[in-house]
Amino acid sequence: MTDQPLTEAEIELALSELPGWNHTGDRLERSWTFEGHLASVAAATAVGWLQEQRNHHADLTIQYNRLTVSTTTHSAGHKVSAKDVELAQAVSELLGQPPSGT
């Protein structure tokens, strides 16, 4: 079964409940800044476990003390789907920090 991409209106509604997340291209994206490199690596590892539990994997980018999570759904034509919104919510709950400015 193919996942369905969300409409622009659905994405905007979801973003209203996802502080710090942006709709960039065909992805949902957010960055966090940590006190050091090891903290950003630890956060990426925790997000990796979260992704494995959901069998939905975002791109994770570490730039020293900054972690960026960028998610899209391949089976929805590389568009944003409900899977991405659910993952974004879970990552936000896990990391529990205010946005660092993306």
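What is the angle, in °, between the Cα long axis of helix 37-54 and the longest principal axis of the Cα atoms in the chain? Nearest 10 is fine, range 0 to 90.
It works out to around 30 degrees.
How far is helix 82-95 tilted, in degrees, relative to the longest principal axis of the Cα atoms in the chain, given as a value from 0 to 90 rounded to the nearest 10?
20
When Rg and Dmax of the Cα atoms in Å is calculated directly from the model, which label among [x] 15.3, 52; [y] 15.2, 48; [z] 13.0, 42 fits?
Among [x] 15.3, 52; [y] 15.2, 48; [z] 13.0, 42, the one calculated here is [z].
When you count, for each residue, the other Cβ atoms within 10 Å and take the mean per peptide, how do 77-89, 31-43 rank with the highest first?
In decreasing order of mean packing, 77-89, 31-43 become 77-89, 31-43.
Quickly estimate the mean residue ellipticity at 222 nm for the chain, helices only: each DSSP H run with n ≥ 4 gives -39500 (n - 2.57), and the total goes over all residues, rounded to 500.
So the helix-based figure for the chain works out to -12500 deg cm²/dmol.
Using the Cα centre of the chain as the reference point, and only Cβ charges (+1 on K/R, -1 on D/E), how large is the resulting charge dipole? Debye, rounded to the nearest 20.
The calculation lands at about 260 debye.
Using 0.36 nm per residue, how much length does the chain from residue 93 to residue 64 gain when fully extended, once their Cα-Cα distance is taken away?
Gain on extension, residue 93 to residue 64, equals 8.2 nm.
The numbers here are math on the coordinates, done by the rules we state, and not lab data. What you see is a predicted model, and the numbers here were worked out from it, not measured in a lab. No Cβ is skipped: glycine too gets one built from the backbone with ideal geometry, and neighbour counts run over all protein chains shown.
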